[in-house]
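**Student:** Handing you this structure, nothing more for now.
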Amino acid sequence: MAKGNEGASGKQLMKPRSTTENKLKQAELLLRVSRKVAALETVDEVLEALVEITTSELEAERGSLFLNDESTNELYSKVALGMKSREIRVMNDAGIVGHVFQTGTGLIVKNAYNDKRFDKTIDENTGYKTRSVLCSPIKTVKGEIIGCTQVLNKKKGSFTKSDMVFLELITSQASIALQNTLYVQQVQKDHEEEKEFTDLISDIAGEIKLDVLLRRVMAEATKILKADRSTLFLNDEKSHQLWSQVGEGLGTTEIRLPNHLGIAGNVFQSKKSINIPHAYADLRFNPEFDKKTGYFTRSILCVPLVNRDGKVIGVTQALNKKGGSFSEEDEQRLKAFTARISMALENAKLFSDVQKVKNYNESMLRSMSNGVITLDTENIIVTCNNAGERILSTKSKKLIGLSANDFFGKSNSWVIERIERVSETKIPESVVDQNLRFKENIVSVNLIILPLADEEEETLGLMIMIEDISSEKRMKSTMSRYMDPGLADKLMKDGSDLLGGQDIEATLLFSDVRSFTTITEQLGAQGTVKLLNEYFTIMVDCLNKFGGMLDKFIGDAIMAGFGVPVAHDDDPDRALMCAISMLTELKKWNTHRVTLNLPAVDIGIGLNTGRVVSGNIGSSKRMDFTMIGDGVNLAARLESACKQYAAKILLSEFTYRKLKGVYRIRDVDLVIVKGKTEPVGVYEVLDFYSDEEFPNVMEVLGYFKSGVKDFRQGDWRKATKSFSEAFKIHPEDKLSRIYIERCEHLMNNPPKNWDGVWVMSSK
């Protein structure tokens, strides 16, 4: 056709082809398309060929072919003729191509920018100007839509219905080959993935370190499922908890939760998988962890971890599938993955448990103050702990591998004799206060030799335990006879730093024997010394039991402190419990003394909490660790006041306020002790009394409390009635009788300015 012949003559030359010619051309083209795509092996090659053919035959500027990605609900194209080679992805319900995919009906758009369905962003990104669009769905033989073919900008004129028919014929002809190619490629991909999966399992199964294995398993699970993070929980049969050392995306913080709670607990107990597409819409989901971490959980897949015996040993959990929710295929894949590595996990856990026991034993041996040496069946030294190195003055490197006979030698033949005897008899032997001699060094020790055997009683060797009782320990033992063992410990450890002087809060305890002069007259000198030794032994045992420090004996009196030299947050309670124990033990001792026709011993105890100065006071030749200060003096005053109030234990308001325990205590008085101007609250403790000794104690305390209140308000008549009721219930309550007499005195001699405070005249 001549180029210049346009217009009427041109129209005459462009006669329409006959139907037969069109069909023949279509048949030839379809045959050519079939042959061309049949010779191709990859999806990309097929796509490229189809785009090239459709674009050329329809005389378009550009063309592209989109396939649907079911995992992401996206249409993607790797080949687009006339554009740079890059993958394009759009949602399968967006734009013109999305509309065609969803409806299954082709579209002819003559003016793209006038169509609301047209997405301008690709033009904006590429600089290309789309005018017209021809788009057709790609259907399988069964009618399933697997993608769309699209051509842009007809070079001459506009796209027609004939073009649409032609495009649909090409795509329908090529869809079979395309589908087959996709199937083959998917089979190849599955085969490769399966091989990778098998290789991965083999590689992972060789790992015996549990933390490393967990980390690798979760990293791969996260990758396989295209999840945001994953966690593998193992069941702790002892604590009934699911635990994990690592969580992919969570760091290495250990997580523990009851094995019956939450999603993981539900899966563990039911042995059934749970797949939740929307976590916050499921009542089983606990959002507290999200609140703590700031993480937002969207979807959850959790499957049981089953061993080869069918026992559930844990669960695997994946969170937030990228691009949507977890599928049934994901669930099966995760089940297969965890099932394959369950044996490896059990082996790693067993190794971890063994390692923990080993580490525990080694740590225990390192921390022991006693030396521990182990020998094999040939009496060769296998191990030696840190204390053993110190006591024997030899590094373990030099010890291990030596025979016991070579190391201990002739100078310690007594050790060799006992080793040989225990090896033969399998009976443990111990030696007390013997000397180990190593050249110029002599170490005083207590030694125990024990046979070692496994669960089946097979001999493994021997263990030698060595306790150092040389000079340092002998000194401590001697010091403990003259001072509190706790102070001796601190003195041996900290030395002069402890004794230089401390300003601390402590609870002071003073006790004194009542009518001691009378008792000494009855017993004589020897009897008095025997009594004091027995009495002090009982009292000091009580002090040691509750962590008190014996300051000194003052004749028959005891001065002690709680909070020195070591402070505790419950020192006031310790002091009070010690006082109660002293009276309780005293009752037992007196019961025994009465059977021997010996006089009973009665004491009073005063307690006060306050600031004291403690330290080593004296001269360079004679030192005394003691406590001084007003806090000490007040405790002594309270002990003395026990006589006036007919009480056994009196404590100050300063001690009372700091008590954490619950005791039977009554408010006794507000007093101004000698040497002071401010009143101090005084309280009596009644917990050492039995129900027989002090019946109806709570009822008595109720009346007494009312009486004290009225007494301080100056209503002595009303107070007398309350104290009388208390005395009526318990006639042995001397304190109620004392207050009745006080009230009578005050009513007969009313003071000018009554403030409820009693001035103590005695020390």
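None of the figures in this text is laboratory data; all of them are computed from the coordinates on show. The model shown is predicted, which means the values in this text are computed figures rather than measured ones. A quick note on method: Cβ atoms are made from the backbone with ideal geometry, for glycine too, and the neighbour counts reach across all protein chains shown.
**Student:** Add +1 for every Lys or Arg and -1 for every Asp or Glu among the other residues with Cβ under 12 Å from the Cβ of Asn114, and state the total.
**Tutor:** In short, +4.
**Student:** Given the convex hull over the Cα atoms of the stretch 502-688, what projected area results after averaging over all orientations, in nm²?
**Tutor:** With the hull built on Cα positions only, its mean projection is 11.6 nm².
**Student:** Calculate, in nm to one decimal, what Asp93 and Glu699 gain on full extension: separation in residues at 0.36 nm each, minus their alpha carbon distance.
**Tutor:** My answer for the length gained is 209.7 nm.
**Student:** Continuing with the same structure: Return a whole-number percent for the relative contact order of the stretch 369-469, with Cα pairs under 8 Å and 6 or more residues apart as the contact set.
**Tutor:** With pairs under 8 Å counted, the relative contact order is 30 percent.
**Student:** Can you pick out the pairs among Lys272/Lys321; Lys291/Lys322; Lys545/Lys734; Lys142/Lys335 whose Cα atoms lie more than 25 Å from each other?
**Tutor:** Lys545/Lys734; Lys142/Lys335
**Student:** Restricting things to alpha carbons, find the Rg to Rh ratio for the stretch 369-469 using the Kirkwood radius for Rh.
**Tutor:** A ratio of 0.94.
**Student:** How much net charge surrounds Pro599 when only the other residues with a Cβ under 12 Å from the Cβ of Pro599 are counted, with Lys and Arg +1 and Asp and Glu -1?
**Tutor:** Net local charge, Pro599 excluded: 0.
**Student:** Same structure again: Please compare each pair in Lys226/Lys311; Lys709/Lys752; Lys660/Lys721; Lys588/Lys705; Lys587/Lys643 to a cut-off of 24 Å on the Cα-Cα distance and tell me which ones are over it.
**Tutor:** Cα-Cα > 24 Å for Lys226/Lys311; Lys660/Lys721; Lys588/Lys705; rest within.
**Student:** Can you give the local net charge around Asp454? Use residues other than it whose beta-carbon is closer than 14 angstrom to its beta-carbon, Lys and Arg +1, Asp and Glu -1.
**Tutor:** After counting each charged neighbour, the total is -4.
**Student:** Sort 694-702, 449-457, 565-573, 94-102 for me by packing, meaning the mean count of neighbouring Cβ atoms within 10 Å per residue, highest on top.
**Tutor:** 94-102, 565-573, 694-702, 449-457
**Student:** How large is the direction-averaged shadow of the alpha-carbon convex hull of the stretch 696-755, in nm²?
**Tutor:** Averaged projected area of the stretch 696-755's Cα convex hull equals 3.6 nm².
**Student:** Sum up the lysine pairs in the stretch 369-469 that clear both bars: alpha-carbon distance under 19 Å and a spacing of 8 or more or different chains.
**Tutor:** So the count works out to 4.
**Student:** Still on this model: Distance between Cα centroids, the stretch 273-294 to the stretch 647-704: provide it in whole Å.
**Tutor:** 56 Å
**Student:** Still on this model: Need one number: nm distance between label points at Thr459 and Asn73, each 7 Å from Cα along Cα→Cβ, rounded to one decimal.
**Tutor:** In this crude label model, Thr459 to Asn73 measures out at 7.6 nm.
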